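The values are calculated or read from the model by the stated rules, or taken from the named source; none is laboratory data. Values in this document were obtained by computation on a predicted structure and should not be read as measured data. Here the Cβ positions follow ideal geometry from the backbone for every residue, glycine too, while neighbour counts run over all protein chains shown. Heads up: the accessible areas ignore ligands, DNA and RNA and are worked out on the full protein's heavy atoms, side chains in. Shrake-Rupley method; radii C 1.70, N 1.55, O 1.52, S 1.80 Å.
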Amino acid sequence: MISISDALKDIIAGYPFVEEGLSRGIIIYSAFAREIKPQLEKKLYKGTTEGAIVMALKRISEKLSKTNLQKKTVNLSDLTVRSNLFEYTFSNSVALSNKISKLFNISAGKKESSCTFSEGIRETTFVVSSDLIKEVENIIINETLVAKFQNLSSITIRLPKEVVYIPGVYYQILKMLAWENVNVIEVLSAYTELTIVVRNQDIDKAFSVLKHLNSF
């Protein structure tokens, strides 16, 4: 049988800002307990009391606070901004891999061009500079286009190597953007780089948020 604490963790996962509030001790337990009580009882398949929920919330809050204190500091100092970007997403196919190679060869010959891709199980996404649009649409012909976005910009964050051993780094970055109501179109990552793609109208706000997030 699922415990109150386990059921609460599942519910809190759907409220990322509440999780942050609990870690900082700024959530009114009783008010939150009243709001989630019906949802919690459905998960438990039985009734419970607000007092029991409050006690469980306090325990979770203490654990989250200790986790925050144990986090290592990560410096974010190297930010690179690119504008005039387009994003294409295609369904994967046997021929697509060869076409990706052709596109990269063309991009390599253009100093100011930018071409990044992310290959998933069913789809592949390209984020390219505007000067490569014709090449993309000529090379990736006969492929199934799933989505296309234009008027995009990106911020690439250079991260230290130790980031791969620190939990929650990407969460902290994306959380701050969410707090400022910055909609993220795409996230691309490499070993020491994280690239966040947003609409042109959001790039100034996104850059300001990340610039002031020098470390955490």
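Taking the numbered list (1) within 21 Å of Leu194 (Cβ to Cβ); (2) open to solvent by 40 Å² or more (accessible area, probe 1.4 Å) in turn, Ser93 passes all entries but (1). Checked against (1) of a type outside the set (Asp, Glu); (2) part of a loop (DSSP other than H, G, I, E, B); (3) open to solvent by 80 Å² or more (accessible area, probe 1.4 Å), Val182 passes all but a single condition, namely (3). What are the residues in the range 118-174 that are surrounded by fewer than 17 Cβ atoms within 10 Å (Cβ to Cβ) and assigned to a strand (DSSP E or B), if any? Within the range 118-174, Ser118, Glu119, Glu123, Leu145, Val146, Ala147, Lys148, Phe149, Gln150, Asn151, Arg158 qualify. Scanning the range 9-39 for residues that are acidic (Asp, Glu) and either within 20 Å of the chain's Cα centre (by Cα) or outside any helix (DSSP H, G or I) (or both) yields Asp10, Glu19, Glu20. Candidates in the range 43-55 are the residues that are assigned to a helix (DSSP H, G or I) and at pLDDT below 90; of these, the one that is nearest to Asp10 (Cα to Cα) is Lys43. Note on the range 6-51: residues that are in contact (Cβ under 8 Å) with a residue 40 or more places away in the chain and surrounded by 14 or more Cβ atoms within 10 Å (Cβ to Cβ) amount to 11.
Picking from residues in the range 59-98 that are among the charged types (D, E, K, R) and modelled with pLDDT of 90 or more, the one that is farthest from the chain's Cα centre (by Cα) is Arg82.
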